[in-house]
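So the structure is just underneath, and the comments pick up after that.
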Amino acid sequence: MAIEIRTIESTEDAHKLEEIQRRAWDMPDIEIIPGRTMHAIQFNGGLLLGAYDGEELVGFVFGVLGTVQGLHNRIDQVAAARLQLYSTIMGVLPEYRNRSVGYQLKVAQREFALRLGVRLVTWTYDPLESRNGWLNIGKLGAICHRYVRDYHGELGGINAGLNTDRFYVEWWVTGNRVRGRVGHNRRPLSYEQLLGGRAELINEAEWNDEGLPVPPAAFAESEANIVLVEIPASIQAIKERDLELARDWRAHTRVLFEHYFAHHYVVTDFARREDEQGRPHSYYVLTYQHA
C-alpha cells in the first residue's frame, strides 16, 4: 500500500507522535515534544503532516513559522518579508526507513510552504549523519553555510555521548536547485564526476584494524573552487563500537566546516561511493561562493 501524506488534525493522532519520537530517535521522555503542543501549533497555522500506511501513522514532520535571523532590527522589514518555515522535527518509525517516507514528507512540506508563499524552509541536522546528508543536500537540494556548536546541549537516545553540533540548512523552495532535485531533473554528480571537474578531497579517511574510518590528523586548507569533505558512512555504527573515534570525527569536522564556512564556502551537494574493498564512503561537496 502506498504511503499517504496528510495533515494531522486529530488530538488522537497527535498523541501518537510521542511514541514515534521514542522509537525513531530512542528519545527520553523529557526531550519529547508533547502531542498536544504540536496539535495546538498546527491549529494556529503551523505545519504538522503525517505519513500514513493505511490508517497507521508511521512518520511525521512538524514545523513552525518564524522570521529570518539577522533582520530583527530592520524597521523597514515587515514580518511577512522575513517569514520562514522552521522545520522543527521529522521522525519515521524504524521499520519504515529506507522507503522514501522522509523524502515524501519533505516534498509535502515544500508544497505547504509554496501555498503560504514562503520561499525559505530551514532546519538543523547532525552533519555526521550520512543518511540525512544524502536526503537533505543530495536529494532535496538544501544548502548550508552555517555550523552551530552544541545546538541542543546534552541529549540522550542516539545522540548521547556526542556533542550536538548541527548544520543549519536553507531550503529555497522556489529556486532552480530545489526544483531540479525534487523534480528529478538535476541529479547529484558522482564522486568520479566531481574529481573529473577538479574537485579536491581535503580529508581522506584511513581505516583502522577494526575496519572503521578514521579522520586524518589535519585537513588540507585548499583554495579550489570545489572541495570534498569525507564523513563516516555510518556514525551510529562507529558510536556503537568506538565512542572516542566518533568524538574524533566530531572534533575534526567541527574545525573543518567552521574554517571553510568562514572562507565563504557553501555545502551544495553530497556524494557516495564504494571503494575497491567494498567499503562505503560519503562526501559533502563545498563550493566557493564567488567562483
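The values are calculated or read from the model by the stated rules, or taken from the named source; none is laboratory data. Bear in mind that the values here come from a model prediction, so they are computed numbers and not experimental data. Cβ placement follows ideal geometry from the backbone for every residue including glycine, while neighbour counts extend to all protein chains displayed.
Could you say whether any residue in the stretch 177-185 is within 25 Å of Gly50 (Cβ to Cβ) and in contact with a Gly (Cβ under 6 Å, 6 or more places away or on another chain)?
Checking the stretch 177-185: at least one residue is within 25 Å of Gly50 (Cβ to Cβ) and in contact with a Gly (Cβ under 6 Å, 6 or more places away or on another chain).
Tally up the residues in the stretch 1-20 that are assigned to a helix (DSSP H, G or I) and either in contact (Cβ under 8 Å) with a residue 40 or more places away in the chain or more than 11 Å from Gln42 (Cβ to Cβ) (or both), please. Walk me through it before giving the result.
In the first step, residues of the stretch 1-20 are kept if they are assigned to a helix (DSSP H, G or I); the result is 11-20.
Next cut, either in contact (Cβ under 8 Å) with a residue 40 or more places away in the chain or more than 11 Å from Gln42 (Cβ to Cβ) (or both) only: 12-13, 15-20.
The total comes to 8.
Mind checking which residues of the stretch 242-291 are of a type in the set (Phe, Trp, Tyr), in a helix (DSSP H, G or I) and within 16 Å of Cys144 (Cβ to Cβ)? Explain how you work it out, then say what you get.
Step one: of the stretch 242-291, the residues of a type in the set (Phe, Trp, Tyr) are 249, 257, 260-261, 265, 270, 283-284, 288.
From what's left, in a helix (DSSP H, G or I): 249, 257, 260-261.
Scanning the stretch 242-291 gives Phe257, Tyr260, Phe261.
Rundown of residues vs (1) under 22 Å from Tyr283 (Cβ atoms); (2) of a type in the set (Ser, Thr, Tyr), yes/no style:
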{"residue": "Gln104", "(1), (2)": "no, no"}
{"residue": "Thr124", "(1), (2)": "yes, yes"}
{"residue": "Asp165", "(1), (2)": "yes, no"}
{"residue": "Glu192", "(1), (2)": "yes, no"}
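Could you please find all residues in the stretch 280-291 being of a type outside the set (S, T, N, Q) and either over 15 Å from Leu201 (Cβ atoms) or modelled with pLDDT under 95 (or both)?
Correct list: Pro280, Tyr288, His290, Ala291.
Okay, residues lined up against (1) under 14 Å from the mean Cα position of the chain (by Cα); (2) surrounded by 13 or more Cβ atoms within 10 Å (Cβ to Cβ):
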{"residue": "Ile143", "(1), (2)": "yes, yes"}
{"residue": "Arg146", "(1), (2)": "yes, yes"}
{"residue": "Tyr151", "(1), (2)": "yes, yes"}
{"residue": "Glu154", "(1), (2)": "no, no"}
{"residue": "Val169", "(1), (2)": "yes, yes"}
{"residue": "Val173", "(1), (2)": "no, yes"}
{"residue": "Arg181", "(1), (2)": "no, yes"}
{"residue": "His184", "(1), (2)": "no, no"}
{"residue": "Arg187", "(1), (2)": "no, no"}
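For the stretch 95-141, enumerate the residues that are of a type in the set (D, E, K, R), in a loop (DSSP other than H, G, I, E, B) and more than 10 Å from the chain's Cα centre (by Cα).
Correct list: Arg97, Arg99, Arg119.
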